[in-house]
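Enquirer: Take this structure first; my questions come after.
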Amino acid sequence: MYLDYYGLRDEPFSITPDPRLIFFTDRHREAMNHLLYGIQMRKGFIQITGEVGSGKTTLCRALLEQLDPQRYRTALVLNPCLSPTELLRTILAELGLEAPTGLDDRVLLLERLNRYLLAQCHAGCDVVLIIDEAQDMTAELLEQVRLLSNLETDHRKLLQIVLVGQPELRDKLEQPELRQLRQRILVRYHLTPLRRDEMAAYIQHRLVRCGLQRPLRFAGSALRRIYRYSGGTPRLINAVCDRALLLGYVDGTDRFGRRQINRAIRELEGNLE
């Protein structure tokens, strides 16, 4: 609604994980380096954690864009609330493989995956499995994922597995029954929120990337209020700024102070009085 008013091509503060808009803080860059290191060195398991809305999924999308499709085959599982058999079928589908209808035997599905991984290995390609929201996986499903790491040759792992989740994932992996999986995770990184000085750059970065044609000004008081509300969490920053731009469009302004941000936050919280 407000795009034409501000001269924007796309929504700068959409909460969808658009890798074109990723803003690399030092921590986001370090997290990406951990991912690339773990995958390129074939470490087997990589764990990335962070609070809700910290940019983990966007980071995964950016990772997929950085991996050379001539060298890597990738599978991204966004909803891991599955049975072990459903997980295998989902992985096969993500890799472009069809499991025959009615084939629910985990052993046969695993054999099909193993044949594919061996073929890719012989072709000089690595296969990367990324599981988002991994904190929602049951212990049984996480054990199934551990067993996938047993697919290997004498010299290398056939499947690189990235577990991405909220901090609860770390707690879950501390369970005694998951100690074998925990011991196999050799690369870990925890993504923290933006600092206040990074937040202003983050907002400007997204506006510029979406083609901003007219100057927008967020007063210092507005930025402080956004930060106090969001705690530096990108998703909450996006939500407040998106609502602020909508209110600015309605009011015919491109300057935002504490009053406008307070109003945006009230509307986000459902307080319309």
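Quick note: the coordinates plus some simple rules give every number you see, no bench work behind them. On a predicted model such as this, the values are computed, not experimentally measured, just so you know.
Enquirer: Hey, what's the per residue convex hull volume over the C-alpha atoms of the stretch 26-191, in cubic angstrom?
Expert: Values: hull volume 17.8 nm³, N = 166.
Enclosed volume per residue, from the Cα hull, is 107 Å³.
Enquirer: Antiparallel as a % of all DSSP beta bridges within the chain, to the nearest 5?
Expert: Looking only at bridges with both residues in the chain, the antiparallel portion is about 5 percent.
Enquirer: Moving to a separate point now. Cα centroid distance between the stretch 227-258 and the stretch 83-148, in Å?
Expert: One Cα centre to the other: 42 Å.
Enquirer: Using square roots of five times the C-alpha gyration tensor eigenvalues, list the equivalent-ellipsoid semi-axes of the stretch 129-273 in whole Å, biggest first.
Expert: 44, 17, 13
Enquirer: Excluding residues on the same chain fewer than 8 positions from Lys56, give the lysines whose Cα lies under 21 Å from its Cα.
Expert: Filter leaves Lys43, Lys172.
Enquirer: Right, something else. In degrees from 0 to 90, rounded to the nearest 10, what is the angle of the helix 220-230 Cα long axis to the longest principal axis of the chain?
Expert: For helix 220-230, the angle is close to 40 degrees.
Enquirer: Which angle from 0 to 90°, rounded to the nearest 10, does the C-alpha axis of helix 234-251 make with the longest principal axis of the chain?
Expert: 30
Enquirer: A further question on this structure: Give me the angle, in degrees from 0 to 90, between the Cα long axis of helix 106-122 and the longest principal axis of the Cα atoms of the chain, rounded to the nearest 10.
Expert: 80
Enquirer: For the stretch 194-268, with equal point scatterers placed on the C-alpha atoms only and solvent neglected, what are the log10 I(q)/I(0) values from the Debye formula at q = 0.11, 0.12, 0.21, 0.22 1/Å, to two decimals?
Expert: Debye output, listed in q order: -0.23, -0.27, -0.89, -0.98.
Enquirer: Using a cut-off of 14 Å between alpha-carbon atoms, which aspartates and glutamates can reach Lys157, once sequence neighbours fewer than 8 places away in the same chain are excluded?
Expert: Result set, ordered by chain and number: Asp126.
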